[in-house]
Amino acid sequence: MANRIKVLIVDDSAIVRKIFTEELAKYPDIEVVGSAPDPFVARDKIVNLNPHVITLDIEMPRMDGLTFLRKLMKYHPVPTVVVSSLTKEGSSLTLEALEIGAVDVIAKPGGSYSVGDMSAQLVEKIRAAARARFIVPHQRNVGSAAAAVEAPQALSQTTNKIIAIGASTGGTEAIKAVLTKLPHNSPGVVIVQHMPANFTAAFAERLNNLCRINVREARDNDTVVPGTALLAPGNYHMLLRRSGARYYVEVKTGPMVHHQRPAVDVLFKSVAKYAGANAVGVILTGMGADGAEGLKEMKNMGAATIAQDEKSCVVFGMPKEAIKLGAADRVVPLDNIAAEILRMV
């Protein structure tokens, strides 16, 4: 097939290289053109094979993956899916890789997913990476003091408001761009970012260090309060619930939805049911259709809804599907989404 996605696998583990090669061979739209045990071999193969996507282990001998990724993004950018261990150090390195320019992340085989689940997610991430739009990291706008100065006046009547955000490919940087512009007294935020287990805690911690609001990984029965954002933990669905005037989250396992757990649709549909017109729904960059139906349900129940525009998306998949369903009140560039949220609440 002339249009197959050419993939180069860069990993010091022969087992991982074998598993990835065998699993990807099952898909007719993907061709593994080669593999490399370290960045030095990878460098030559990238030049000779011209892959559309590479998978990159970030913990390797001779040259670590982050150093290689920085060089790659500077001199020969290739859409990259990072392969990382589930350790705390691995999670931290992965977030740094996403900031440098990696498109997405997948856990090493043997983590919380079966080989079948891993295979489906790997293929989805490679397809998304092949379509990804490169956004130079240093050009990303991560917030301004001016936005925070005006916000407290705008938020004087925000009791019981809920902000629900869903994202996938490219979403870690997009979520950061939105949350860093929210003021300390922002309405409570609930977030689903497609991300493997163990990475979400490190992502929440990093956001918490950058934002005026508190950000943390959600626990079952956590109350959703102003000035706090709760991030769904990897490999668990998160739903909004209400008891009297109290909003709280339910964190639970269950079947994957759109091949994802957590799934944006699961969160958005629960927000539609329990928050209704008190909510603002935001769907950001990502591959596939997760969140589109949920955002439509939110709109039908009176919520204000926002979709990220095509130009600012890394992958214009999820927002596109939401727009096609008529689920978005507004289609907004990433840099303006926080201000639009504050206007809507």
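The values are calculated or read from the model by the stated rules, or taken from the named source; none is laboratory data. The structure presented is a predicted model; accordingly, all values stated were derived computationally and were not measured. Every residue, glycine among them, receives a Cβ derived from its backbone with ideal geometry; neighbour counts consider all protein chains shown.
Just a few scattered comments:
- Positions within the stretch 266-304 being farther than 18 Å from T169 by Cβ, surrounded by fewer than 24 Cβ atoms within 10 Å (Cβ to Cβ) and of a type outside the set (A, V, I, L, M), in sequence order: K269, S270, K273, Y274, G276, N278, E293, K296, E297, K299, N300, G302
- Residue in the stretch 36-48 that is within 24 Å of G90 (Cα to Cα) and in contact with an Asp or Glu (Cβ under 7 Å, 6 or more places away or on another chain) present: yes
- Every residue from the stretch 68-108 that is more than 18 Å from the chain's Cα centre (by Cα) and not in a loop (DSSP other than H, G, I, E, B): F68, L69, R70, K71, L72, M73, K74, Y75, K88, E89
- Subset tally (residues that are touching a strand residue (DSSP E or B) at 6+ places or on another chain (Cβ under 9 Å) and assigned to a loop (DSSP other than H, G, I, E, B)) for the stretch 302-345: 14
- Scanning the stretch 15-67 for residues that are more than 17 Å from I106 (Cα to Cα), assigned to a helix (DSSP H, G or I) and among the small types (G, A, S) gives a single hit, A42.
- On inspection, V47 passes the criterion of being hydrophobic (A, V, I, L, M, F, W, C), surrounded by fewer than 15 Cβ atoms within 10 Å (Cβ to Cβ) and outside the structural domain of P233 (by TED's automatic domain parsing).
- In the stretch 109-148, of all residues being hydroxyl-bearing (S, T, Y) and not in a helix (DSSP H, G or I), the one that is modelled with the lowest pLDDT corresponds to S144.
- Picking from residues in the stretch 27-41 that are modelled with pLDDT of 95 or more and of a type in the set (D, E), the one that is farthest from the chain's Cα centre (by Cα) is E31.
- Looking across the stretch 77-92, the residues that are closer than 16 Å to T55 by Cβ, surrounded by fewer than 21 Cβ atoms within 10 Å (Cβ to Cβ) and at pLDDT 85 or above come down to P77, V78.
- In the stretch 57-86, the residues that are among the polar types (S, T, N, Q) and touching an Asp or Glu at 6+ places or on another chain (Cβ under 9 Å): T80, S84, S85
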